[in-house]
Amino acid sequence: MRRTIDVPELAPPPGYSDVVEVSGARLVFIAGQTALDRDGNLVGGSDIEAQADQAFRNLGYALNAAGCTARDLVKLTVFVRDMAGLPRYRKARDRCLGSVEPSAAPAITLVEVSKLFRTDLLIEIEAVAAS
């Protein structure tokens, strides 16, 4: 079972949940997904939204391989190289989380980092799903 908890003492989060409770479910841990295609080629160049779309697409492939969908996401940790791209990242995030009914609303932590494992990568997304 999974449920989101609204915390009245916290500001409403934009597009995610502050608290997701999981009990009696199978947990699936997904390693950080980036904007690399299956051949290791960068998708999206220097466009954070395009890179985020590919990272979420890769996350979708990983979820599907585990028998899950975006609806099963309970936690995302997102690493970005430049917080200035936040609005464009959110567009890609909202497309992914809105791809299921009802929309997914995992707990999300977003962190700006100085670099990722390749200098041309702008975003990496790791996830936990419960099904």
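Pop the C-beta distance of Ala65 and Lys115 into the FRET formula with R0 = 41 Å and round what comes out to the nearest 0.05.
0.90
Under 12 Å from the Cβ of Leu27, count the other residues' Cβ atoms, weight Lys and Arg +1, Asp and Glu -1, and hand me the total.
+2
Note the listed values (i) 0.96; (ii) 1.37; (iii) 1.03, then indicate which one is Rg/Rh (Cα atoms, Kirkwood Rh) calculated from this particular structure.
Looking at Rg/Rh (Cα atoms, Kirkwood Rh) for this model, the match is (i).
Using only alpha carbon positions, build the gyration tensor of segment 41-106, then give the equivalent ellipsoid semi-axes as the square roots of 5 times its eigenvalues, largest first, whole angstrom. Intermediate results must be reported in sequence, preceding the final value.
Working: eigenvalues 85, 38, 19 Å².
Rounded to whole Å, the semi-axes are 21, 14, 10.
Keeping all protein chains in the complex and leaving out DNA, RNA and ligands, what accessible area do you get for Glu124 with a 1.4 Å probe, in Å² to the nearest 10?
Surface open to solvent at Glu124 totals about 40 Å².
In a Gaussian network model over the chain where Cα atoms closer than 10 Å are linked, find which of Gly40, Gly15, Gly67 has the largest mean-square fluctuation.
Top of the fluctuation ranking is Gly40.
The values are calculated or read from the model by the stated rules, or taken from the named source; none is laboratory data. Computed from a predicted structure; not experimentally measured. No Cβ is skipped: glycine too gets one built from the backbone with ideal geometry, and neighbour counts run over all protein chains shown. For the accessible areas, the whole protein counts, side chains as well, though only heavy atoms, and no ligand, DNA or RNA atoms are used. Shrake-Rupley method; radii C 1.70, N 1.55, O 1.52, S 1.80 Å.
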